[in-house]
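Chemist: Can you keep this structure in mind? I'll have questions shortly.
The values are calculated or read from the model by the stated rules, or taken from the named source; none is laboratory data. No experiment lies behind these values; they were computed from the predicted model shown. Neighbour counts are summed over all protein chains in view; Cβ atoms, including those assigned to glycine, are modelled from backbone coordinates with ideal geometry.
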Amino acid sequence: MSEKYQHIYLNMSAAIAGLEDSDLPEIKLVEKRFAICFAGWETVKKHTNAFSTEYEEIDFFRNIKPCFTGQIEYCKTLGEAILLSPANTSLLWSYWNNELGRYARFRDHNRSFTEYYESGRCENDPEYFLARHYKPGKEQRVNVYDMDVAFCTPADHLVASLHALELYKVYVSVKLRQLAHGFKRDTNTGFN
């Protein structure tokens, strides 16, 4: 990651870490984290000029953008899960156990891409990570961070989702451990 992006990412990470000591309800912490991450991504976009090579563009969309948008996607996923979490404590274990499967379901649904990406292969990178190949369609889900199609490629959202769901899997695992040990429902689970 270039120095300019690394600086933005480190500032974003420091701001997120600063939320850890807060006594706010968990959903408010997620909202604050979302705002920090969204501002980080907007800063990245402001500091990104035309790419001088295809390699530079591919690197941006394969490696840099998902570092930021994956955090936004994580906040979105986490916020939805917290809001939909059942109030009936007898249903919590089942709910969070089902949520633990989100990562596996995403990987299964996107198997060919995730295997390609995680293997480190790069022969299809131009098709996946060049903006000129992005074709928005009605059936395609538009993410809040992808309103500017100049910053979209056919697959960068998949990498962001993969990163987000890896973080989410850790969060849910902690939540399940807490439930197994009888922690109260409103206990801050450390959403980092």
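Chemist: Kindly indicate which of Ala39, Ala81 is of a type in the set (A, V, I, L, M, F, W, C), modelled with pLDDT of 95 or more and over 25 Å from Lys175 (Cβ atoms). Let's see the steps before the verdict.
Modeler: Numbers: Ala81 fails: over 25 Å from Lys175 (Cβ atoms).
Sole residue among the options that is of a type in the set (A, V, I, L, M, F, W, C), modelled with pLDDT of 95 or more and over 25 Å from Lys175 (Cβ atoms): Ala39.
Chemist: May I ask you to list the residues in region 91-112 that are surrounded by 13 or more Cβ atoms within 10 Å (Cβ to Cβ) and of a type in the set (D, E, K, R)?
Modeler: Scanning region 91-112 gives Glu99, Arg102, Arg107.
Chemist: Kindly provide the set of residues from region 15-42 that are small (Gly, Ala, Ser) and under 13 Å from Gln71 (Cβ atoms), ordered by number.
Modeler: In the first step, residues of region 15-42 are kept if they are small (Gly, Ala, Ser); the result is 15, 17-18, 22, 35, 39-40.
Once the filter is applied, which keeps residues that are small (Gly, Ala, Ser) and under 13 Å from Gln71 (Cβ atoms), region 15-42 yields Ala15, Ala17, Ala35, Ala39, Gly40.
Chemist: Here is a follow-up. Taking into account only those residues within region 97-155 that are acidic (Asp, Glu) and either in contact with a Lys or Arg (Cβ under 7 Å, 6 or more places away or on another chain) or farther than 30 Å from Arg177 by Cβ (or both), which is modelled with the lowest pLDDT? Walk me through how you get there before you give the answer.
Modeler: The initial filter retains those residues of region 97-155 that are acidic (Asp, Glu), namely 99, 108, 115, 118, 123, 125, 127, 139, 146, 148.
From what is left, the residues that are either in contact with a Lys or Arg (Cβ under 7 Å, 6 or more places away or on another chain) or farther than 30 Å from Arg177 by Cβ (or both) are 123, 125, 127, 139, 146, 148.
Numbers: Glu123: 97, Asp125: 97, Glu127: 97, Glu139: 50, Asp146: 71, Asp148: 79.
Among those that are acidic (Asp, Glu) and either in contact with a Lys or Arg (Cβ under 7 Å, 6 or more places away or on another chain) or farther than 30 Å from Arg177 by Cβ (or both), it is Glu139.
Chemist: Can you tell me which residue in region 38-66 is surrounded by the most Cβ atoms within 10 Å (Cβ to Cβ), limited to those that are farther than 13 Å from Lys4 by Cβ and among the hydrophobic types (A, V, I, L, M, F, W, C)?
Modeler: Among residues in region 38-66 that are farther than 13 Å from Lys4 by Cβ and among the hydrophobic types (A, V, I, L, M, F, W, C), the one surrounded by the most Cβ atoms within 10 Å (Cβ to Cβ) is Phe61.
Chemist: Keeping to region 33-53, report how many residues are touching an Asp or Glu at 6+ places or on another chain (Cβ under 9 Å) and touching a residue at least 60 places away in the same chain (Cβ under 8 Å).
Modeler: 1
Chemist: Now, a different point. Which of the numbered conditions does Tyr145 fail, given that it passes all the others? Conditions: (1) touching a His at 6+ places or on another chain (Cβ under 9 Å); (2) free of Cβ contacts under 8 Å to residues at least 12 places away in the same chain.
Modeler: With (1) touching a His at 6+ places or on another chain (Cβ under 9 Å); (2) free of Cβ contacts under 8 Å to residues at least 12 places away in the same chain applied to Tyr145, the lone miss is (2).
Chemist: Further question on the same structure: Which pairs do you get when a residue that is farther than 11 Å from Phe113 by Cβ, found in region 124-135, comes within reach of a residue that is surrounded by 19 or more Cβ atoms within 10 Å (Cβ to Cβ) and hydroxyl-bearing (Ser, Thr, Tyr), reach meaning Cβ atoms under 9 angstrom, with the pair 6+ apart or on two chains?
Modeler: Close Cβ pairs (under 9 Å, with a partner that is surrounded by 19 or more Cβ atoms within 10 Å (Cβ to Cβ) and hydroxyl-bearing (Ser, Thr, Tyr)) amount to Phe129/Thr153; Leu130/Thr153; Ala131/Thr153; Arg132/Thr153; His133/Thr153; Tyr134/Thr153.
Chemist: Another question, if that's okay. If you check every pair at least six apart or on different chains, which have Cβ atoms under 7 Å apart with a residue in region 61-73 that is closer than 13 Å to Ile8 by Cβ first and a residue that is among the β-branched types (Val, Ile, Thr) and surrounded by fewer than 23 Cβ atoms within 10 Å (Cβ to Cβ) second?
Modeler: Phe68/Val44
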